[in-house]
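Here is the structure we will look at, set down as structure tokens.
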Amino acid sequence: MFLTLEGIDGSGKSSQAKLLAASLRERGHSVVLTREPGGSPGAEEIRKLLVEGDPNRWSPETEILLFYAARRDHVERTILPALERGDIVVSDRFADSTRVYQGAVRSDLRETVDAIHEHMIGFEPDRTFIIDMDPEAALSRGLARKSGEDRFEDFGLDFQHRLRDGFKSLAKSAPERCLLIDGNRPLDEISPKILSLTLEMLE
Ligand code: ADP
Ligand code: TYD
């Protein structure tokens, strides 16, 4: 089973991905916890080009190609081998981030993203949890980390509002796969919801 977490910057995806992986492991499942951009040695190298530096260092078109170069390597080296072993894969972001960030918000290139996805990846997660929350709170949480990986946070608050709308409309367009999760709550109120939805699927 292939699960992904999506949402705006600072919405709590990586915290929830970690908690979900730990709970599934406690129940005896073999879990690969991974992330994008990154998740394989080559893709982690490409990640640095994408998350650091000036917001306008890449055009949206170049950015799509870099994210897909990283994604193809991640899929080849990490995701598919894990799924073939029968592991559960939990990924902090995947293709929906490109559909929303590059395909809908940085530019109107959704069809281009879908065409590249079809040619280079050709499958979707079994379930995607989209953590929805107030952009102002999420942005201040994200920037408070001082991670040095703030290239997308540096596009500003209005960008985060447009991302939130983009993720909401994506969830509406793929209701069989995407579930919106309310992220404006304490960590330990969100994680049981995600776990129970996952356990339902496993049954
Ligand atoms: P993302 O991966 O979406 O950027 P993180 O999981 O890294 O988000 O969370 C960003 C920051 O917010 C971290 O410092 C994390 O500890 C904190 N955080 C995450 N979820 C919550 C929550 N539900 N309530 C309060 N703080 C949270
Ligand atoms: P991430 O480390 O998950 O950031 P955060 O913890 O702030 O949510 O992801 C790095 C950044 O890359 C994030 O700002 C979103 C962006 N991104 C895209 O624009 N397109 C993509 O396809 C992916 C996977 C990420």
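The values are calculated or read from the model by the stated rules, or taken from the named source; none is laboratory data. What you see is a predicted model, and the numbers here were worked out from it, not measured in a lab. Heads up, the Cβs are rebuilt from the backbone with ideal geometry, glycines too, and the neighbour counts pull from every protein chain shown. For accessibility, only protein heavy atoms count, side chains too; no ligands or nucleic acids. Shrake-Rupley method; radii C 1.70, N 1.55, O 1.52, S 1.80 Å.
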*Could you list, in sequence order, all residues of region 113-133 that are outside any strand (DSSP E or B) and open to solvent by less than 60 Å² (accessible area, probe 1.4 Å)?*
VAL113, ASP114, ALA115, ILE116, HIS117, ILE121, GLY122, PHE123, PRO125, MET133
_VAL89 - would you say it is closer than 24 Å to LEU180 by Cβ and not in a helix (DSSP H, G or I)?_
yes
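Considering only residues of region 16-47 that are assigned to a helix (DSSP H, G or I) and open to solvent by 50 Å² or more (accessible area, probe 1.4 Å), which is farthest from ligand 2 (Cβ to nearest atom)?
Within region 16-47, the subset assigned to a helix (DSSP H, G or I) is 16-26, 41-47.
Applying the additional criterion that residues be open to solvent by 50 Å² or more (accessible area, probe 1.4 Å) yields 18-19, 25-26, 41, 44-45.
Working: LYS18: 12, LEU19: 15, ARG25: 22, GLU26: 25, PRO41: 17, GLU44: 11, GLU45: 14 Å.
So the residue we want is GLU26.
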*Check LEU143, LEU139 and return the single one that is within 12 Å of ligand 1 (Cβ to nearest atom), open to solvent by 60 Å² or more (accessible area, probe 1.4 Å), over 25 Å from ALA21 (Cβ atoms) and in contact with a Gly (Cβ under 9 Å, 6 or more places away or on another chain).*
LEU143
_Near pairs, Cβ below 6 angstrom, 6+ apart or cross-chain, from region 53-82 (closer than 15 Å to ALA115 by Cα) to any residue that is open to solvent by 50 Å² or more (accessible area, probe 1.4 Å)_ = TYR68/MET120; ARG72/MET120
*Which ones in region 146-167 are of a type outside the set (D, E, K, R), within 24 Å of GLU44 (Cα to Cα) and open to solvent by 10 Å² or more (accessible area, probe 1.4 Å)?*
SER147, GLY148, PHE152, PHE155
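Regarding region 69-90, can at least one residue be identified that is away from ligand 1 (no atom under 15 Å from the Cβ), under 16 Å from GLY166 (Cα atoms) and in contact with a His (Cβ under 7 Å, 6 or more places away or on another chain)?
As a first pass, look at region 69-90 and keep what is away from ligand 1 (no atom under 15 Å from the Cβ): 69-89.
From what's left, under 16 Å from GLY166 (Cα atoms): none.
No, every residue in region 69-90 fails to be away from ligand 1 (no atom under 15 Å from the Cβ), under 16 Å from GLY166 (Cα atoms) and in contact with a His (Cβ under 7 Å, 6 or more places away or on another chain).
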